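Rule-based calculations on the coordinates, nothing more; no lab input. Remember, it's a predicted structure, so these values are computed and weren't measured experimentally. Note that each Cβ is placed from the backbone with ideal geometry, even for glycine, and that neighbours are counted across all protein chains shown.
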Amino acid sequence: MGRRHHSIISKLNRDSNSRKSLFRVQLRSLIENGKLTTTVTKAKIIKRLFDKLAAKATEGTLASRRNVAAALGSPKSANKLIDAIIPVMGTRKSGFTTIQKVSIQKGDATSIATLSLMAMPPVVEKKVIDKKTKVTQEKEDKKVVKKEKKAK
């Protein structure tokens, strides 16, 4: 068993598949929410990975969009990164995120950090519909469709 000279990514006490999955989930969370709270070690790795993805996304081609979507495992997150976040960043080549140490974890004294985007994209408000309202809208939509069929 040899030594890992100049290893970039630490193992984080996980096998390779669970490590990749962890990074994907955290990258998606960073893109969706704009910030992420995790350990300092994980934050440093996610920062490197996000900078690579963002640099790839700045090209804006279909191929780069597909590569980003494959890396994230989510076309929705890739589209948000390319269409909403990258245009706000301007002409940045790197340094898309920042790490701020927040606290120390109580159980094992691990340093906790917040990883956040340098420029936050504009917030789009989501429509909130109650279940009751949604049901009545569906009934009204069905009535409209039936009336259109009768009119023909």
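Some notes on this structure:
- Cross-link table K35/K80; K11/K76; K20/K52; K44/K93; K52/K93, entries beyond 20 Å C-alpha to C-alpha: K11/K76
- Summed side-chain charge close to T58 - residues other than T58 whose Cβ falls under 14 Å, Lys, Arg +1, Asp, Glu -1: +2
- Dipole of region 16-120, positive direction: furthest Cα of I104, S16, P75, with charges on the beta-carbon: S16
- Whole-Hz ³J(HN,Hα) from phi, Karplus 6.51 cos²θ - 1.76 cosθ + 1.60, for region 75-88, glycine and proline x: x, 4, 5, 5, 5, 5, 4, 6, 8, 10, 7, 4, x, 6
- Extension reserve of the S18-T39 stretch, reckoned as 0.36 nm per residue once the Cα distance is removed: 5.9 nm
- Only the Cβ atoms of Lys and Arg (+1) and of Asp and Glu (-1) were treated as charged; on that basis the dipole of region 16-120 about its Cα centre amounts to roughly 220 debye.
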